[in-house]
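Each reported figure results from applying straightforward, stated rules to the coordinates on display, with no laboratory input. Bear in mind that the values here come from a model prediction, so they are computed numbers and not experimental data. Cβ sites come from the backbone with ideal geometry, for glycine too, and all protein chains shown count toward neighbours.
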């Protein structure tokens, strides 16, 4: 999958999550591709048994959005 770094943010990072919470992850890939993101999404959804939201870190992210994520981000 080529994951360089992966970090947790959102409700799982802030507080005890609710039963309906998804797992929000910021991902840095060695070689970004749509196929790699789909493969990672499928793998993590099965592994965690929860809905997963993957955000790929890159120049397409707005600075303010990335700054908000990084305030609560915990890298694995």
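List 14, 64 from most exposed to least, where exposure is judged by having the fewest other Cβ atoms within 10 Å.
Exposure proxy ranking, most exposed first: 64, 14.
Running a GNM on the chain with Cα contacts under 10 Å, which residue among 30, 51, 62 ends up with the highest mean-square fluctuation?
Evaluated over the chain, the most mobile residue of the options is 62.
Report the label-to-label distance for residue 64 and residue 47 in nanometres (one decimal), using points 7 Å from each Cα along the Cα→Cβ vector.
It works out to 3.3 nm between the two label points.
So between residue 15 and residue 39, what do we pick up on full extension, going 0.36 nm a residue minus the alpha carbon distance?
5.8 nm
Hey, any idea what the orientation-averaged projected area of the convex hull of segment 4-58's Cα atoms comes to, in nm²? Write out the running numbers ahead of the final one.
Numbers: hull surface 15.2 nm².
In nm², the orientation-averaged hull projection of segment 4-58 is 3.8.
If you take the beta carbon distance between residue 28 and residue 71 as r and set R0 to 22 Å, what does 1/(1 + (r/R0)^6) give as a FRET efficiency, to the nearest 0.05?
Taking R0 as 22 Å, the efficiency between residue 28 and residue 71 is 0.80.
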